[in-house]
1. Please go through region 19-45 and pick out each residue that is at pLDDT 90 or above, surrounded by fewer than 18 Cβ atoms within 10 Å (Cβ to Cβ) and part of a strand (DSSP E or B).
2. Regarding residue 11, is this residue exposed (fewer than 11 other Cβ atoms within 10 Å of the Cβ) and either in a helix (DSSP H, G or I) or among the basic types (Lys, Arg) (or both)?
3. Which of the residues that make up region 106-145 are among the hydroxyl-bearing types (Ser, Thr, Tyr) and closer than 23 Å to residue 37 by Cα?
4. Taking residue 84, is it basic (Lys, Arg), within 19 Å of residue 152 (Cα to Cα) and loosely packed, with under 12 Cβ neighbours inside 10 Å?
5. Given the structure, is residue 91 open to solvent by 90 Å² or more (accessible area, probe 1.4 Å) and either under 25 Å from residue 8 (Cα atoms) or under 15 Å from the mean Cα position of the chain (by Cα) (or both)?
6. With respect to residue 52, is the statement that it is free of Cβ contacts under 8 Å to residues at least 60 places away in the same chain, surrounded by 14 or more Cβ atoms within 10 Å (Cβ to Cβ) and either closer than 21 Å to residue 156 by Cβ or polar (S, T, N, Q) (or both) true?
7. Could you look through region 126-142, keep only residues that are hydroxyl-bearing (Ser, Thr, Tyr) and free of Cβ contacts under 8 Å to residues at least 40 places away in the same chain, and pick out the one that is most open to solvent (accessible area, probe 1.4 Å)?
8. Let me spell it out: the conditions are (1) touching a strand residue (DSSP E or B) at 6+ places or on another chain (Cβ under 7 Å); (2) open to solvent by 80 Å² or more (accessible area, probe 1.4 Å), and residue 64 meets all of them except one. Which number is the exception?
Amino acid sequence: MTQEEYCDTTKYFESGGKKLNSKYLLHYHFKPNWSEIPHMLDIFIDQNYGFEVKLFWYKPFVKNRLFSFYQSNLLPENILQIIKAFNSFPNVSLKQLYTSKSEQYSPEGISEDTYTINHPINPFSINMSSHWTDEKLFQSKEEILFLQLHHAIKIWKETLFQGVLQMHN
């Protein structure tokens, strides 16, 4: 995968780059700011519950940027079940940010966890960065289910990232 292919999001987003293409159910973007191995990871889950992973990273002592792409039609069962349950809710109301903080700016070095979701009723965009998110504010059934999804994806994305690192050792 080239840098141009990695940066081309026209397959995933409608014109303007903010709204997820209707072919996809969910986009997860992760960027740790202070990490041993700098990287960004994007997961796109489609309507057939397949997924694509795009990874931009650096390998220690290699000067080039590295771009990895992985595609599968076998989504982890726990994530599949949560997404199906979440999409079965007739009305979903999620906030863009669940925070109890009043400051306007976050400290330097905060990781980004961002979701774009094509729910059958409403599309959503949710920021779940560790500095801003207050998990106690997730109270409705759909909010709690989304929080479960977030935790499941965080574990899964780490497994995916470690798998790529092991392949390139």
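1. Of everything in region 19-45, just one residue is at pLDDT 90 or above, surrounded by fewer than 18 Cβ atoms within 10 Å (Cβ to Cβ) and part of a strand (DSSP E or B), namely 29.
2. Against the criterion (exposed (fewer than 11 other Cβ atoms within 10 Å of the Cβ) and either in a helix (DSSP H, G or I) or among the basic types (Lys, Arg) (or both)), residue 11 does not qualify.
3. Selection gives 106, 111, 114, 115, 129, 130.
4. yes
5. Answer is no for this residue.
6. For residue 52, the condition - free of Cβ contacts under 8 Å to residues at least 60 places away in the same chain, surrounded by 14 or more Cβ atoms within 10 Å (Cβ to Cβ) and either closer than 21 Å to residue 156 by Cβ or polar (S, T, N, Q) (or both) - is met.
7. Per the stated criteria, the residue is 130.
8. (1)
The values are calculated or read from the model by the stated rules, or taken from the named source; none is laboratory data. As the structure is a prediction and not an experimental result, all values here were calculated from the model. Every residue, glycine as well, gets a Cβ built from its backbone with ideal geometry; the counts of neighbours run over all protein chains shown. To get the accessible areas, we keep the full protein, side chains included, count just its heavy atoms, and leave off ligands, DNA and RNA. Shrake-Rupley method; radii C 1.70, N 1.55, O 1.52, S 1.80 Å.
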